[in-house]
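Asks: Once you've had a glance at the structure underneath, I'll fire off some questions.
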Amino acid sequence: MRVNQLSLYEAGEVGEKDDWTFQGAETRSLTHCYHDYPARMIPQIAGKLLDLFAPKHPALLFDPYCGTGTSLVEGMIRGLSVVGTDLNPLARLIARAKTTLPSIEVLDAYVKELWAYLLLPDSEEPLDMTLDGISRPEFWFKPEVFRQLARLRKFVTCIENTEARNFFAIAFSETARESSNTRRDEFKLYRYAESDLERHKPAPFQIMFAKLARNRNGLMALQEMMEGATPSVAIHDFNTVSGVPTRLLPPGSVDIVVTSPPYGDSQTTVAYGQYSRLSSAWLGLPDGGSVDSALMGGKKTKTLPVFSCANLDDALASIAQVDRDRALHVATFYKDLKASITHIAPLVKSGGYVAYVVGNRKVKGVLLPTDEAVRSLFEAVGYVYETTFLRGIPNKRMPSRNSPTNAPGKTEQTMLCEYIVVMRHV
Ligand SMILES: C[S@@+](CC[C@H](N)C(=O)[O-])C[C@H]1O[C@@H](n2cnc3c(N)ncnc32)[C@H](O)[C@@H]1O
């Protein structure tokens with residue numbers, strides 16, 4: 001039976017200990033402050049799930065959609081070994097930076113070097129002024145801003161120490177984005193209106209130093225918390241939709257999965273690739289422009305599959321009645337989710353838990369029951385249902401309104417809460 005916590009909330013029967021909203025909580029402590037990212041999981045959710053369901057002995061956490069590594073950091077500070085995978089190279093870089101503990105002295109020395117370098121006159125300096133994969137760099141960056149970013153990039157890419165380079169690269173990535181002509185309140189690439197552009201006068205060097213200082217504080221707090229322990233962290237780029245390399249994660253090796261998959265395909269929900277494009281281009285990361293079509297639901301299926309989850313099958317049939325093409329797009333996401341779950345399921349030890357944080361969006365006015373889909377897809381591969389926690393979304397930056405009819409200007413509320421579905425491997 002499906003737990004309906006929403007009605008319990010409404011009836012005032014859900015106490016603080018069951019509250020997953022974490023309204024007002026500090027979500028950018030430790031290295032969680034490093035970099036913004038669309039639809040980030042808040043650390044409190046991953047932390048609480050691990051406290052409730054991770055074994056107390058040394059254990060392995062796997063996050064198959066690790067994004068910027070929120071759950072991995074939370075696993076690390078609880079003494080777990082952590083493994084994550086994500087197809088977005090920028091997300092992997094952020095996750096790597098967030099889960100490594102470079103020496104503060106080494107970082108400080110590089111910060112001093114950066115000051116000294118930027119004090120040199122730049123007029124004679126040969127700079128790489130290209131931005132691979134971006135067809136009109138001048139559309140996204142003012143000329144002076146571009147030159148300053150080119151200087152910062154030159155410094156960052158020349159850092160020899162890998163951990164320090166990643167630390168600086170992440171600060172540079174946010175600096176490039178914030179200095180660009182992209183609207184700050186959007187994850188997609190929308191340029192400021194001409195009138196706003198005139199007022200937009202970013203100072204990349206200042207932004208960079210501010211990010212470095214903020215991130216240094218976060219790192220110091222994490223180092224204090226780790227008390228000298230060396231975390232075991234691996235971040236990969238495999239796609240669980242196609243399979244899991246058993247040399248990296250053998251069957252039965254994982255104690256717990258805590259993850260938040262995308263809410264749907266990148267075209268119509270959160271465009272992770274588009275969000276990352278400018279940073280990826282500056283950092284020379286691979287595939288910056290083609291990430292979105294590689295993600296879940298990126299390649300359209302030709303026939304409408306049956307998922308043996310009555311509410312999902314009904315929802316897809318209803319969408320198909322009004323727009324078959326759209327139904328096929330939506331179905332592709334669930335087809336990929338199913339394949340991914342089939343590959344993840346055997347990795348978890350008997351008695352181990354998986355926790356999926358998902359959203360139920362609406363397409364063409366039809367509610368898609370992703371929480372139920374996750375439950376039934378795991379039930380089909382030997383798991384039993386444990387519970388579903390319901391969470392109101394106070395301030396997650398993600399589209400809560402879209403245009404389900406695709407009519408310009410017409411919006412409809414899509415997701416106001418998330419479902420945290422917990423399953424146990426028998
Ligand atoms: C909701 S975000 C995860 C956010 C993450 N929990 C965090 O706090 O940063 C979903 C992630 O799934 C990734 N993704 C989408 N399809 C994927 C796939 N097939 N394999 C691996 N990662 C994928 C996206 O790149 C994105 O980073």
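The values are calculated or read from the model by the stated rules, or taken from the named source; none is laboratory data. Here the structure is a predicted model, which means the values were calculated and not measured. Every residue, glycine among them, receives a Cβ derived from its backbone with ideal geometry; neighbour counts consider all protein chains shown. What goes into the accessible areas is simple: the full protein's heavy atoms, side chains included, and nothing from ligands, DNA or RNA. Shrake-Rupley method; radii C 1.70, N 1.55, O 1.52, S 1.80 Å.
Asks: In the stretch 44-58, what residues are open to solvent by 10 Å² or more (accessible area, probe 1.4 Å) and near the ligand (Cβ under 8 Å from one of its atoms)?
Replies: Matches in the stretch 44-58: none.
Asks: Could you list, in sequence order, all residues of the stretch 176-203 that are modelled with pLDDT under 95, aliphatic (A, V, I, L, M) and over 18 Å from Pro38 (Cα atoms)?
Replies: Within the stretch 176-203, Ala193, Leu197 qualify.
Asks: Then there's this: Among Ile170, Ile159, which is open to solvent by less than 20 Å² (accessible area, probe 1.4 Å), in a loop (DSSP other than H, G, I, E, B) and closer than 29 Å to Glu113 by Cβ? Let's see the steps before the verdict.
Replies: Numbers: Ile170 fails: in a loop (DSSP other than H, G, I, E, B).
None of the other options fit; the residue is Ile159.
Asks: Is there a residue in the stretch 272-279 that is outside the structural domain of Asn360 (by TED's automatic domain parsing) and among the basic types (Lys, Arg)? Don't jump to the end; show me each part of the working.
Replies: Keep residues of the stretch 272-279 that are outside the structural domain of Asn360 (by TED's automatic domain parsing), which gives none.
Scanning the stretch 272-279 turns up no residue that is outside the structural domain of Asn360 (by TED's automatic domain parsing) and among the basic types (Lys, Arg).
Asks: Looking only at residues in the stretch 251-267 that are touching a Leu at 6+ places or on another chain (Cβ under 8 Å) and part of a loop (DSSP other than H, G, I, E, B), which one is nearest to Leu367 (Cα to Cα)? It would help to see each step written out before you state the result.
Replies: Narrowing the stretch 251-267 to residues touching a Leu at 6+ places or on another chain (Cβ under 8 Å): 251-258, 261-262, 264-266.
Restricting the remaining residues to those that are part of a loop (DSSP other than H, G, I, E, B) gives 251-253, 261-262, 264-266.
Values: Pro251: 35, Gly252: 35, Ser253: 36, Pro261: 18, Pro262: 16, Gly264: 12, Asp265: 15, Ser266: 18 Å.
In this case the residue turns out to be Gly264.
Asks: OK, next. Of (1) modelled with pLDDT of 95 or more; (2) basic (Lys, Arg); (3) surrounded by fewer than 21 Cβ atoms within 10 Å (Cβ to Cβ), Arg397 satisfies all except one. Which?
Replies: So Arg397 meets the others, but not (1).
Asks: Out of Asp122, Asp86, Asp36, report the one residue that is more than 12 Å from the ligand (Cβ to nearest atom) and either among the acidic types (Asp, Glu) or open to solvent by 50 Å² or more (accessible area, probe 1.4 Å) (or both).
Replies: Result: Asp122 is the single residue among Asp122, Asp86, Asp36 that is more than 12 Å from the ligand (Cβ to nearest atom) and either among the acidic types (Asp, Glu) or open to solvent by 50 Å² or more (accessible area, probe 1.4 Å) (or both).
Asks: Mind counting the residues in the stretch 79-110 that are in contact with a Phe, Trp or Tyr (Cβ under 9 Å, 6 or more places away or on another chain) and assigned to a loop (DSSP other than H, G, I, E, B)?
Replies: Here the count works out to 5.
Asks: Can you run down the residue pairs with Cβ atoms below 9 Å, 6 or more apart or on separate chains, where the first is in the stretch 176-197 and surrounded by fewer than 14 Cβ atoms within 10 Å (Cβ to Cβ) and the partner is among the small types (Gly, Ala, Ser)?
Replies: Partner pairs satisfying both residue conditions: Lys188/Ala271.
Listed here are the residues, each with its yes/no results for (1) within 14 Å of the ligand (Cβ to nearest atom); (2) buried (at least 23 other Cβ atoms within 10 Å of the Cβ); (3) free of Cβ contacts under 8 Å to residues at least 12 places away in the same chain; (4) within 16 Å of the chain's Cα centre (by Cα).
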residue	(1), (2), (3), (4)
Thr259	yes, yes, no, yes
Asp265	yes, no, no, yes
Thr269	yes, yes, no, yes
Tyr275	yes, yes, no, yes
Trp282	no, yes, no, no
Asp292	yes, no, no, yes
Lys300	no, no, no, no
Leu304	no, no, no, no
Cys309	no, no, no, no
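Asks: Next question. Using the structure shown, decide if Leu61 is closer than 20 Å to Val291 by Cα and more than 9 Å from the ligand (Cβ to nearest atom). Write out each step before concluding.
Replies: Working: closer than 20 Å to Val291 by Cα: no; more than 9 Å from the ligand (Cβ to nearest atom): yes.
Criteria not met by Leu61.
Asks: Looking at Phe209, is it open to solvent by less than 60 Å² (accessible area, probe 1.4 Å) and assigned to a helix (DSSP H, G or I)? Please lay out each step first, then the result.
Replies: Details: open to solvent by less than 60 Å² (accessible area, probe 1.4 Å): yes; assigned to a helix (DSSP H, G or I): yes.
It is true that Phe209 is open to solvent by less than 60 Å² (accessible area, probe 1.4 Å) and assigned to a helix (DSSP H, G or I).
Asks: Of all residues in the stretch 229-257, count the ones that are at positive phi and over 21 Å from the mean Cα position of the chain (by Cα).
Replies: 1
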